[in-house]
Amino acid sequence: MTFCVPDLDFSHVPGVLGRIVQERVQDYQDADAALGEARPAARRFEAALRQPGLSLIAEVKRASPSQGAIAPLDPATAAREYARGGAQAISCLTEPRHFGGSRKALLEVVQAVSLPVIRKDFVVHPAMLREAADWGASAALLMVSVLGNATGEYFRMAEHLGLDALVEVHDEAELELALEVHPRIIGVNNRDLKTLSIDLGQSPRLIRLARERGFTGVLVAESGYATPRDLAGVHDLADAVLVGSSLAGSGNLAQAAQNLMAR
């Protein structure tokens, strides 16, 4: 299958997100865009999120732009603790400068647990999707705020590689663009990555809107959750929740995961 690799101009991406994106563009400016042969889709990540109740995607996250250093997590140990705490899937950062992620961290997480793992990064080049598949990830993040009208082409690349794609949105315009792609999984980020501010009302509002628009796939609420009370607005709406900072900095990852999802 031949893909049209968009020649993207990321200069329109503002704020903190824009700076990180420009760094990733430089990191991959000389990378090979070839994806290789098609790979079968296992749909392990999607299946994990379709389990009854609200599924937890627990994130291996050492740092963030909003908090700085969070915790010096050992990726394999953290993943095993999350699994022990009842997580259905693991998110692993691979962005090195602001989140303390790496290829090594992802490889260690994949080796440590049988749960499906999503590569969490700022995808700006096809090579990043090929890497995710090569490194054993079950899924990759595609951010509409970054890829814009190229989201559909990157979604098709992920599908070609057998990856589930979590297509992430933050506002109504991004949701409408995502729906045009016909993804199987949409995530709503409560955090505005341009300003780093959080509004826990974003996920319930946009999840309802997605359903009103006829979306029947998996819906994920992302960012800002620290207590069971925080999840009250999405428990009967979302299929899954992605939680990073509050779990990673808890000091007891398994217990924190259990406590968060208690109802």
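Scanning segment 133-157 for residues that are assigned to a helix (DSSP H, G or I) and farther than 16 Å from LEU8 by Cβ returns ALA133, ASP134. The residues on offer are LEU206, LEU141, LEU147, LEU175, and the sole one that is in contact (Cβ under 8 Å) with a residue 60 or more places away in the chain and open to solvent by less than 50 Å² (accessible area, probe 1.4 Å) is LEU147. In the set LEU93, LEU107, only one residue is open to solvent by 40 Å² or more (accessible area, probe 1.4 Å), closer than 24 Å to MET157 by Cβ and touching a residue at least 12 places away in the same chain (Cβ under 8 Å); that residue is LEU107. Please verify whether segment 228-240 includes one or more residues that are among the aliphatic types (A, V, I, L, M) and surrounded by fewer than 22 Cβ atoms within 10 Å (Cβ to Cβ). Yes - at least one qualifying residue is present in segment 228-240. On inspection, ARG44 does not qualify as under 27 Å from THR151 (Cβ atoms), of a type in the set (D, E, K, R) and touching a helix residue (DSSP H, G or I) at 6+ places or on another chain (Cβ under 7 Å).
Those helices (runs of 4 or more DSSP H) of segment 176-263 in which at least 2 residues are at negative phi and within 18 Å of the chain's Cα centre (by Cα), considering only elements entirely within it, cover 202-212, 245-248.
Set side by side, the residues LEU73, LEU54 differ, and just one is open to solvent by less than 30 Å² (accessible area, probe 1.4 Å), under 21 Å from SER138 (Cα atoms) and out of contact with any Asp or Glu (no Cβ under 6 Å at 6 or more places or on another chain), which is LEU54.
Only residues that are within 17 Å of the chain's Cα centre (by Cα) and either aliphatic (A, V, I, L, M) or open to solvent by 70 Å² or more (accessible area, probe 1.4 Å) (or both) were counted across segment 28-51, and they come to 5.
The values are calculated or read from the model by the stated rules, or taken from the named source; none is laboratory data. These numbers come from a predicted model, not from an experiment. Because the Cβ atoms are built from the backbone with ideal geometry, glycine has one as well, and the counts that use them run over all protein chains shown. Remember, those area values only see protein heavy atoms, side chains included, never the ligands or the DNA or RNA. Shrake-Rupley method; radii C 1.70, N 1.55, O 1.52, S 1.80 Å.
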